[in-house]
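Worksheet: one structure, shown below.
The values are calculated or read from the model by the stated rules, or taken from the named source; none is laboratory data. Everything quoted here is computed from the prediction, not taken from an experiment. Because the Cβ atoms are built from the backbone with ideal geometry, glycine has one as well, and the counts that use them run over all protein chains shown. The accessibility values were calculated without ligands, DNA or RNA, using every heavy atom of the protein model including side chains. Shrake-Rupley method; radii C 1.70, N 1.55, O 1.52, S 1.80 Å.
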Amino acid sequence: MDAEIIAVGSELLLGQINNTNGRFLSQQFAEMGINVFYHTVVGDNDRRLQQAIEIAESRANLIVFTGGLGPTKDDLTKETIARHIGKKLVFNEEALQSIEAYFHKRERPMTENNKKQALVLEGSEVLANDHGMAPGMVLSKSGITYMLLPGPPSEMEPMFLSYGYEKIMNKLEKHERIDSKVLRFYGIGEAELETVIEDLLVNQTNPTIAPLAAEGEVTLRITAKGPSKEKCEELILETEKEILSRVGKFHYGSDNTSLIKELVKELTVRKLSIAAAESLTGGMFQEQLTTIPGAGKVFKGGMVCYTNDAKSNVLGVSDDTISEYGVVSGECAMEMASNVRSKLDADVGISFTGVAGPDEQEGKPVGTVFIGISYRDGNTHFKELNLSGSRAQNRIRSVKYGCHYLLRDL
């Protein structure tokens, strides 16, 4: 079964709300083994919705609509579909009673236009709305199944799980599922990664491999289709092993993790504490670190020393270092890392200094960054970066590289 999800509502096109319904339904269909090849968003306009339906019918045999089932004149989903497939709209008595009970319970008057929500496609299977008013419905005609669901996620999600899921499963000739795993990489570019695994991308069948770019990092999504979760996991693992045999040194985690999460996890396992000194990143490393639950077990504290005076007077970077090498230097980064580690009695110290932009500093071009790392045993070193991007991108990537280097060290 191939599905298309059509979200109806001008508020989606205006960016006033996110289309979380599409994400939810795609996740559900993946577990059911249903292919979702297209998401469509269309405003509250019957002509454009009609066009969207015609296009969807040419490439899907399950079309799921969310939104446009309410009481107002711009709620026109079921009216447009009824006209398109040649079906009447009829009152569903149970739905009407449910709507009346909804208003009675809240001691509010029920306006006449609310009865519109009880109209359903003639001959359809009605899906009760246990968390709102407008019912959903399912109808098949000419080999295509149409499912209509309300727009509010608080109504749509429980309706689908309680009633819609089973209706669709009953229509599937072959029960399969789709599972995915995301591999996360840092320190390698998207183009380089694709080159290394080019043969796997060219010859992929099941599982499939999809490269995805994020801010400064690369991910690969491996997707398998099979009769069971265990079979999908087996197929994914086989492909994962082949990929990691080639680029494993850049792999830092899977699925919903992040570099900062992995760093906190690694420090926790090793029972190591960390302190940070930041200049160009302005506290971004510390802010991200403290968003992770359990960070208090490893994070001692830190300093944001933006000016030369702050680096000297607060952090204790020597005047000789600043005058001889400048604050945008590996030497300054090492002193920053060593001093903050010592002052806060941490096992690890990390520092960030450099030129975020838009102007060069100390004759160094924008994107020049030095990351200092210092350990309690006296091992102190620095990493130099030459980044290209906006001021914001340079700061974000500096923090990620700091996590990356620490993870490789540890």
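Can you pull out the residues in the stretch 204-217 that are more than 17 Å from L237 (Cα to Cα) and modelled with pLDDT of 90 or more?
none
Mind listing just one residue for me: the one in the stretch 1-21 that is touching a residue at least 24 places away in the same chain (Cβ under 8 Å) and within 16 Å of the chain's Cα centre (by Cα) and, of those, surrounded by the fewest Cβ atoms within 10 Å (Cβ to Cβ)?
At the first step, the residues of the stretch 1-21 found to be touching a residue at least 24 places away in the same chain (Cβ under 8 Å) are 1-10, 12-13, 20-21.
Now narrow it down to the ones that are within 16 Å of the chain's Cα centre (by Cα): 20-21.
Values: T20: 13, N21: 26.
So, considering only residues that are touching a residue at least 24 places away in the same chain (Cβ under 8 Å) and within 16 Å of the chain's Cα centre (by Cα), the one surrounded by the fewest Cβ atoms within 10 Å (Cβ to Cβ) is T20.
If only one of E262, E242, E233 is in a helix (DSSP H, G or I) and open to solvent by 80 Å² or more (accessible area, probe 1.4 Å), which one is it?
None of the other options fit; the residue is E233.
Is it the case that A60 is farther than 18 Å from I5 by Cβ, modelled with pLDDT of 95 or more and among the aliphatic types (A, V, I, L, M)? First the steps, then the outcome.
Values: farther than 18 Å from I5 by Cβ: no; modelled with pLDDT of 95 or more: yes; among the aliphatic types (A, V, I, L, M): yes.
Answer is no for this residue.
Just give me the residues in the stretch 167-202 being farther than 23 Å from T239 by Cβ, at pLDDT 90 or above and charged (D, E, K, R), in sequence order.
K167
Quick one: in the stretch 22-40, of everything that is open to solvent by 60 Å² or more (accessible area, probe 1.4 Å) and of a type outside the set (F, W, Y), which residue is nearest to the chain's Cα centre (by Cα)?
R23
Pairs needed: first member in the stretch 284-297, open to solvent by less than 70 Å² (accessible area, probe 1.4 Å); second member anywhere, among the acidic types (D, E); C-beta distance under 8 Å; at least 6 residues apart or different chains.
The qualifying pairs are M284/E278; F285/E278; Q286/E278.
If you go through the stretch 145-164 one residue at a time, do you hit one that is of a type in the set (S, T, N, Q) and in contact (Cβ under 8 Å) with a residue 40 or more places away in the chain?
Scanning the stretch 145-164, I find at least one residue that is of a type in the set (S, T, N, Q) and in contact (Cβ under 8 Å) with a residue 40 or more places away in the chain, so the answer is yes.
Check D319, D345 and return the single one that is more than 38 Å from the chain's Cα centre (by Cα) and either within 26 Å of K364 (Cα to Cα) or open to solvent by 40 Å² or more (accessible area, probe 1.4 Å) (or both).
Being more than 38 Å from the chain's Cα centre (by Cα) and either within 26 Å of K364 (Cα to Cα) or open to solvent by 40 Å² or more (accessible area, probe 1.4 Å) (or both) holds for just one of D319, D345, which is D319.
Check whether at least one residue in the stretch 212-222 is part of a strand (DSSP E or B), touching a Phe, Trp or Tyr at 6+ places or on another chain (Cβ under 6 Å) and touching a residue at least 24 places away in the same chain (Cβ under 8 Å), and report yes or no.
Yes: one or more hits.
So, E194, is that one acidic (D, E), out of contact with any Gly (no Cβ under 9 Å at 6 or more places or on another chain) and either more than 30 Å from S390 (Cα to Cα) or exposed (fewer than 15 other Cβ atoms within 10 Å of the Cβ) (or both) or not?
Judged against the criteria, E194 is not a match.
From A95, A101, A128, which residue is within 21 Å of T145 (Cα to Cα) and either out of contact with any Cys (no Cβ under 6 Å at 6 or more places or on another chain) or in contact (Cβ under 8 Å) with a residue 12 or more places away in the chain (or both)? Quick ask: steps written out before the conclusion?
Values: A95 fails: within 21 Å of T145 (Cα to Cα); A101 fails: within 21 Å of T145 (Cα to Cα).
Sole residue among the options that is within 21 Å of T145 (Cα to Cα) and either out of contact with any Cys (no Cβ under 6 Å at 6 or more places or on another chain) or in contact (Cβ under 8 Å) with a residue 12 or more places away in the chain (or both): A128.
Just the residues that are of a type in the set (S, T, Y) and either outside any helix (DSSP H, G or I) or open to solvent by 10 Å² or more (accessible area, probe 1.4 Å) (or both), please, taken from the stretch 367-399.
Matches in the stretch 367-399: T368, S374, Y375, T380, S388, S390.
Would you be able to tell me the number of residues in the stretch 298-310 that are surrounded by 20 or more Cβ atoms within 10 Å (Cβ to Cβ) and farther than 15 Å from S342 by Cβ?
Count: 2.
Report, ordered by the first and then the second residue, all pairs with beta carbons closer than 7 Å, sequence separation of six or more or different chains, a first member in the stretch 321-333 that is within 14 Å of A277 (Cβ to Cβ) and hydroxyl-bearing (S, T, Y), and a second member that is assigned to a helix (DSSP H, G or I) and open to solvent by 20 Å² or more (accessible area, probe 1.4 Å).
T321/E331; T321/E335
Out of the residues in the stretch 245-259 that are over 16 Å from the mean Cα position of the chain (by Cα) and part of a strand (DSSP E or B), state the one that is farthest from I396 (Cα to Cα).
Among residues in the stretch 245-259 that are over 16 Å from the mean Cα position of the chain (by Cα) and part of a strand (DSSP E or B), the one farthest from I396 (Cα to Cα) is H251.
Inside the stretch 245-259, can you point out the residues that are modelled with pLDDT of 90 or more and open to solvent by 70 Å² or more (accessible area, probe 1.4 Å)?
Selection gives S245, R246, K249.
Determine which member of the set T80, T66 is within 26 Å of K171 (Cα to Cα), of a type outside the set (A, V, I, L, M) and out of contact with any Asp or Glu (no Cβ under 9 Å at 6 or more places or on another chain).
Details: T80 fails: out of contact with any Asp or Glu (no Cβ under 9 Å at 6 or more places or on another chain).
Matching residue, one of T80, T66: T66.
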